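Read the structure below first, then the notes.
The values are calculated or read from the model by the stated rules, or taken from the named source; none is laboratory data. What you see is a predicted model, and the numbers here were worked out from it, not measured in a lab. Here the Cβ positions follow ideal geometry from the backbone for every residue, glycine too, while neighbour counts run over all protein chains shown. Only protein heavy atoms, including side chains, enter the accessible area calculation; ligands, DNA and RNA are left aside. Shrake-Rupley method; radii C 1.70, N 1.55, O 1.52, S 1.80 Å.
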Amino acid sequence: IPSGAWSDLPQADDMAAVETAAAAAYGAEGPGCVVAAPGTQALIQLLPRVLRLPPSPGEPRVAVAAPTYAEHEACWRAAGVTVAPVADLPPPDRSLVVVNPNNPDGRVFPPDRLADWARQAAAGGHWLIVDEAFADVRPDISLIPLRPGPNVLVLRSFGKFFGLAGLRLGFAVAAPKTVQAIAQRLGPWAVSGPALAIGRRALADGVWITATRRRLGTDRQRLADQLTAAGLRVVGGTDLFVLVQSPSAEAVWTALARQGVLTRRFSDRPDLLRFGLPDGSDQWDRLGDGLGAWRDARPAQGA
């Protein structure tokens with residue numbers, strides 16, 4: 001990382017460089033369609049104040065394909081917008097938020113189906129917001145290369161695929177007018193110099209990206225096999241996480257936590273656990289030890 005990235009304020013050229021790299025990596029029409037932000041969470045909170053939604057008296061103005069990342073619904077509700085969770089694509093009479101592939105079950109909406117929905121919704125002034133936080137492992141499902149229209153906004157997360165969540169870097173891909181409105185809301189120097197330097201180099205490293213996609217696919221299968229062998233039922237996931245279902249999910253969570261392995265629990269579905277991919281032999285060993293401890297304790301618990 002250049003020393004100036006730490007000591008100097010980020011320059012416009014630095015921001016332009018990372019947005020150019022993101023446009024090329026994601027298949028956007030050009031850097032004018034991309035805006036960098038300090039993580040996609042900041043963008044999720046910003047969108048209700050940037051996007052102008054048409055009035056919808058007595059009806060939900062935004063639908064969220066659920067179950068999914070809860071912050072989408074929470075941020076729209078916090079802005080005073082009526083939100084309706086939906087199990088599938090609703091009629092194009094409201095705006096829609098979709099996470100693709102979905103968190104936590106890995107459900108995928110084909111991009112051509114999303115593009116068709118967006119075209120129908122455009123007549124009513126409605127938006128399609130697609131959160132592609134996990135799409136780096138599935139570039140084939142990205143909506144960005146289809147360029148479906150000015151009422152579509154796509155979010156891309158940098159930290160998940162590159163394993164640098166603490167860097168806080170994310171992108172919105174949209175029509176230039178929308179990108180400019182977001183940039184004005186973010187204000188100057190929104191992304192740190194080190195994040196811009198790392199993001200530009202990482203997004204342009206096609207060799208690493210290709211190799212990592214291959215490795216993650218192998219690791220995901222290894223994880224699924226290990227969880228299945230332990231008696232857990234795999235019910236979804238992507239090449240970045242695996243979702244399992246078990247009536248003993250709470251006991252599994254506890255046994256793994258005692259080994260320093262944290263899994264994601266769900267208050268509304270206590271039978272589900274989401275597993276991230278272990279990183280390195282030590283983490284794989286601790287996962288195996290935790291699963292073994294749970295199996296050994298099952299007779300005593302009556303599981």
Pop a pseudo-label 7 angstrom from the Cα along the beta-carbon direction at both ASP13 and SER267 and give the gap in nm to one decimal. 4.9
Using the Cα centre as the reference, give the magnitude of the dipole from point charges on the C-beta atoms of the range 12-114 (Lys, Arg: +1; Asp, Glu: -1; all else neutral), rounded to the nearest 20 debye. 360
The Cα extents of the range 174-213 along the principal axes, largest first and rounded to whole Å, are 36, 24, 12
Starting with the highest mean, order 125-138, 101-114, 44-57, 233-246 by the number of other Cβ atoms within 10 Å, averaged over the residues of each peptide. 125-138, 233-246, 101-114, 44-57
Could you go through the range 174-189 in sequence order and give the Karplus-derived ³J(HN,Hα) for each residue, using 6.51 cos²θ - 1.76 cosθ + 1.60 with θ = phi - 60°, rounded to whole Hz, and x for Gly and Pro? 7, 4, x, 4, 5, 4, 5, 5, 5, 4, 5, 5, 5, x, x, 6
Tilt relative to the chain, helix 12-26 - C-alpha long axis, 0 to 90 degrees, to 10: 60
Run through all the Cα pairs of the chain and give the fraction in each 20 Å bin from 0, expressed as whole percent. 32, 54, 14, 0
I'd like the orientation of helix 206-229 relative to the chain: the angle between its Cα long axis and the longest Cα principal axis, in ° from 0 to 90, rounded to 10. 40
So how far, in whole Å, is the C-alpha centre of the range 6-67 from the one of the range 91-160? 13
Debye, to nearest 20: dipole size of the range 79-143, +1 on Lys, Arg Cβ, -1 on Asp, Glu Cβ: 160
Quick check: pseudo-label points 7 Å beyond the Cα along Cα→Cβ at ASP225 and ALA165, how many nm apart are they? 2.7
Acute angle (nearest 10 degrees) that the helix 281-301 long axis makes with the longest principal axis of the chain, alpha-carbon atoms: 50
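Could you order the peptides 212-221, 272-281 from most to least packed, using the average number of other C-beta atoms within 10 Å per residue?
Details: 212-221: 14.6, 272-281: 16.5.
Output ranking for 212-221, 272-281: 272-281, 212-221.
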Under Karplus coefficients 6.51, -1.76 and 1.60, residue-wise ³J(HN,Hα) of the range 58-69 in Hz, glycine/proline x: x, 10, x, 8, 9, 10, 10, 5, 10, x, 7, 4
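On the accessible surface of the chain, probed at 1.4 Å, how many percent belong to carbon and sulfur atoms? All intermediate terms of the calculation are to be shown ahead of the outcome.
Details: 7380 of 14230 Å².
Roughly 52 percent of what the probe reaches on the chain is carbon or sulfur.
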At q = 0.11, 0.16 Å⁻¹, what log₁₀ I(q)/I(0) does the range 1-150 have when each alpha carbon counts as one equal point scatterer in the Debye sum? -0.47, -0.94
Most mobile listed residue (ALA36, ALA70, ALA121) in the chain, GNM with C-alpha springs under 10 Å: ALA70
Comparing ASP271, ASP13, ASP289 in a Gaussian network model of the chain (Cα, 10 Å), the one with the largest mean-square fluctuation is ASP13
Place a +1 charge on the Cβ of each Lys and Arg in the chain and a -1 charge on the Cβ of each Asp and Glu, then give the dipole magnitude about the Cα centre in debye, rounded to the nearest 20. 240
Counting pairs of Cα atoms in the range 164-303, how many percent are more than 19 Å apart? 63
Accessible area expressed per residue, the range 133-172, with surrounding protein chains retained (probe 1.4 Å, Å²): 34
Pair ASP112, SER3: separation of 7 Å Cα→Cβ label points (nm): 5.6
Whole-Å semi-axes of the ellipsoid equivalent to the range 132-189 (Cα gyration tensor, √5λ, descending): 20, 19, 5
The chain: antiparallel bridges as % of DSSP beta bridges, rounded to 5, reads 55
Find which of GLY193, LEU114, VAL130 sits farthest along the positive direction of the dipole of the range 108-204, computed with +1 on the beta-carbon of Lys and Arg, -1 on that of Asp and Glu, about the Cα centre. GLY193
Cα-based Rg then Dmax for the range 69-144, in Å, read 12.4, 35
Between ALA197, ALA74, ALA229, which gets the highest mean-square fluctuation from a Gaussian network model of the chain, Cα cutoff 10 Å? ALA229
Between TRP208 and ALA79, the FRET efficiency computed from the C-beta separation at R0 = 45 Å comes out, to the nearest 0.05, as 0.75
